[in-house]
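Enquirer: One structure, as structure tokens, below. Some questions next.
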Amino acid sequence: MVNENRVEIRNLTVRYGKTISLHDVSLDIPRNKIFAIIGPANSGKTTLLKSINRTLELESGSSVQGNITIDGREIHEIWNVYELRRRIGMVFPLPVGLPLSVYDNVAYAPRMAGERRRKVLDEIVERCLRQAALWDEVKDRLKNLGTMLSGGQQQRLTIARALSHSPEILCLDEFSIAIDPVTTMRIEDVLVQLKEEMTIILVTNLVQQARRLGDMTCFINKGRVVQVDTTEVMFSDNPGNQLTYDYVRGVFG
Ligand SMILES: Nc1ncnc2c1ncn2[C@@H]1O[C@H](COP(=O)(O)OP(=O)(O)OP(=O)(O)O)[C@@H](O)[C@H]1O
Ligand SMILES: [Mg+2]
């Protein structure tokens, strides 16, 4: 039987030196859904994503306790770290463009994986740029440097690059911080389509974005999970938790 949850986090505690950034976090992240994570600054949202793709190990002084499993298998055992990061796409708040052409930015990962056939690469580049709602704007200048695009276009290029690995889990960390609302909406539409193919973990400072996109919403505050429930419940008049109620209504945060 296929486990309904794609990712299960159990008793995750993360420290940076003496600072505890996540306290005993346990979460079930269902497959083929958008799992939204909201919470004020410094609440541990990015730390949670970094724990899942094991980039936390790159931060000096960090220590991790607890378990994370994907399809029931512990992340340290299931794949080596490179394979893990290939299968978990990560999009950071600000675009991290490679100093390469638009085409080569997206073809980079498939080439690293050994793909050399031009036709296959062309198809991957077009598919990913379309999925990232960028194709129409760049199809005539695929040879131009990616870093010459506008901020919003570069962010979509980052999304296209994350998709080029064909990830099974896509983590987005405040992806729309540098993008105008119209482009943000286009990408939001794309994410709704993408969940057919992958599990999406969406960290957002915009509670309305969580409301629009999340099937489930998790509210984290000061490193602790305050509440996790269906987005409908979280944004209802009675979510069952005063802190959640106040936060989603902008009373604090
Ligand atoms: N590399 C690090 N070294 C030391 N402390 C860190 C490091 N990264 C994060 N922290 C601390 O861990 C806590 C959680 O940080 P995190 O970046 O996960 O928060 P966040 O919820 O993503 O915040 P934001 O909304 O501002 O992005 C903060 O107190 C932060 O200062
Ligand atoms: Mg963050």
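The values are calculated or read from the model by the stated rules, or taken from the named source; none is laboratory data. Worth saying up front: this structure is predicted, and the values here are computed from it rather than measured. Positions of Cβ are backbone-derived with ideal geometry, glycine not excepted, and every protein chain shown enters the neighbour counts. Accessible surface is based on the protein model in full, side chains and every heavy atom, while ligands, DNA and RNA are left aside. Shrake-Rupley method; radii C 1.70, N 1.55, O 1.52, S 1.80 Å.
Enquirer: Using helices alone, I'd like the mean residue ellipticity at 222 nm for the chain: each DSSP H run of four-plus residues gives -39500 (n - 2.57), total over residue count, nearest 500.
Expert: On the way: 11 runs with 93 residues, N = 253.
Dividing the helical sum by the residues of the chain leaves -10000 deg cm²/dmol.
Enquirer: If you don't mind, another one. Semi-axes of the stretch 63-185's equivalent ellipsoid from the Cα gyration tensor, sqrt of 5 times each eigenvalue, largest first, rounded to whole Å? Mind dumping the intermediate values first?
Expert: Details: eigenvalues 143, 70, 26 Å².
So the three semi-axes of the stretch 63-185 are 27, 19, 11 Å.
Enquirer: Could you compute the FRET efficiency for Leu145 and Gln242, with r as their C-beta to C-beta distance and R0 at 51 Å, rounded to 0.05? Spell out each step's value before the answer.
Expert: Numbers: r = 50 Å, r/R0 = 0.99.
Efficiency computed from Cβ-Cβ geometry: 0.50.
Enquirer: Probe 1.4 Å, all protein chains in place: accessible area of Trp79 in Å², nearest 10?
Expert: Surface open to solvent at Trp79 totals about 50 Å².
Enquirer: For a quick check of your reading of the filter: which GluC sites (Glu not before Pro) in the stretch 174-205 sit in a DSSP loop and have no more than 15 other Cβ atoms within 10 Å? Walk me through the numbers before you get to the answer.
Expert: Working: sites: Glu174, Glu188, Glu196, Glu197; in loops: Glu174, Glu196, Glu197.
Here the sparse-neighbourhood loop sites are Glu196, Glu197.
Enquirer: When the chain is modelled as a GNM with alpha-carbon springs shorter than 10 Å, which of Leu58, Leu145, Leu49 fluctuates the most?
Expert: Leu58
Enquirer: Another question about this same structure. Quick check: Cα centre of the stretch 110-126 to Cα centre of the stretch 28-59, how many Å?
Expert: 30
Enquirer: Right, here's the next one. Report Tyr245's accessible area, 1.4 Å probe, all protein chains in place, as a number in Å² to the nearest 10.
Expert: Tyr245 exposes around 80 Å² with every protein chain in place.
Enquirer: If you add up the charges near Val207, with Lys and Arg at +1 and Asp and Glu at -1, over every other residue whose beta carbon is less than 13 angstrom from its beta carbon, what do you get?
Expert: On the way: positive: Lys45, Arg211, Arg212, Arg249; negative: Glu174, Asp246.
With Lys, Arg at +1 and Asp, Glu at -1, the net is +2.
Enquirer: What does the charge add up to near Asp28, with Lys and Arg as +1, Asp and Glu as -1, over the other residues with Cβ less than 13 Å from its Cβ?
Expert: Working: positive: Arg6, Arg10, Arg31, Lys33; negative: Glu4, Glu8, Asp71, Asp215, Asp229.
Neighbour charge sum, excluding Asp28 itself: -1.
Enquirer: Sticking with this structure for a sec: Quick one: divide the alpha-carbon radius of gyration of the chain by 2.2 N^0.38 Å and tell me what you get. Kindly include the intermediate steps, with their values, before the conclusion.
Expert: Working: Rg = 18.2 Å, N = 253, 2.2 N^0.38 = 18.0 Å.
Its radius of gyration relative to the 2.2 N^0.38 Å reference: 1.01.
Enquirer: How many nm separate the modelled label positions at Ala178 and Tyr108, each set 7 Å beyond the Cα in the direction of the Cβ?
Expert: The two pseudo-label positions are separated by 1.3 nm.
Enquirer: Further, regarding this structure: Take Thr69, Thr230 and sort them by solvent-accessible surface of the protein heavy atoms, 1.4 Å probe, largest at the top.
Expert: Of Thr69, Thr230, the descending order of accessible area is Thr230, Thr69.
Enquirer: Next question. With every protein chain kept in the model, how would you rank Ile78, Ile220 by accessible area, 1.4 Å probe, largest at the top? Please report the intermediate quantities before stating the final value.
Expert: Values: Ile78 25, Ile220 0 Å².
Accessible-area ranking of Ile78, Ile220, largest first: Ile78, Ile220.
Enquirer: Pairs of alpha-carbon atoms within less than 8 angstrom and 6+ residues apart define the contacts here; what relative contact order does the chain have, in percent?
Expert: Working: 467 pairs, mean separation 68.8, N = 253.
Computed value for the chain: 27 percent relative contact order.
Enquirer: Please list Lys18, Lys222 in order of solvent-accessible area, largest first, computed with a 1.4 Å probe with all protein chains present.
Expert: Numbers: Lys18 200, Lys222 155 Å².
Ranking Lys18, Lys222 by accessible area, largest first, yields Lys18, Lys222.
Enquirer: May I ask for the angle, rounded to the nearest 10°, between helix 181-194 and the longest principal axis of the chain, with both axes built from Cα atoms and the value confined to 0 to 90°?
Expert: Long axis of 181-194 versus the principal axis of the chain: about 90 degrees.
Enquirer: Suppose we keep just the DSSP beta bridges with both residues in the chain; what percent of those would be antiparallel, to 5?
Expert: On the way: 25 of 42 bridges.
Bridges in the chain that DSSP calls antiparallel: roughly 60 percent.
Enquirer: Per-residue accessible area for His23 at 1.4 Å probe radius, Å² rounded to 10?
Expert: 50
Enquirer: Here is a follow-up. Can you tell me the length gained on complete extension of the stretch Val233 to Ile20, counting 0.36 nm per residue apart and subtracting the Cα distance? Walk me through the numbers before you get to the answer.
Expert: Details: separation 213, 0.36 × 213 = 76.68 nm, distance 2.90 nm.
So the chain would gain 73.8 nm between Val233 and Ile20.
Enquirer: List the trypsin sites (Lys or Arg not before Pro) in the stretch 122-179 that DSSP assigns to loop (not H, G, I, E or B) and whose Cβ has at most 14 other Cβ atoms within 10 Å. Which are they?
Expert: Values: sites: Arg127, Arg130, Lys139, Arg141, Lys143, Arg156, Arg161; in loops: Lys139, Arg141, Lys143.
Taking the stretch 122-179 and a limit of 14 other Cβ atoms within 10 Å, the loop trypsin sites (Lys or Arg not before Pro) found are Lys139, Arg141, Lys143.
Enquirer: Considering the options Gly250, Ile177, Leu142, tell which one lies farthest towards the positive end of the dipole of the stretch 96-253, charges being +1 on Lys and Arg and -1 on Asp and Glu at the Cβ, about the Cα centre.
Expert: Positive-most Cα among the choices belongs to Leu142.
Enquirer: Would you tally the net charge around Tyr247, using a Cβ to Cβ cut-off of less than 15 Å, leaving Tyr247 out, and scoring K and R as +1, D and E as -1? Don't skip to the end; give the middle numbers.
Expert: Details: positive: Lys45, Arg211, Lys222, Arg224, Arg249; negative: Asp229, Asp237, Asp246.
Here the count lands on +2.
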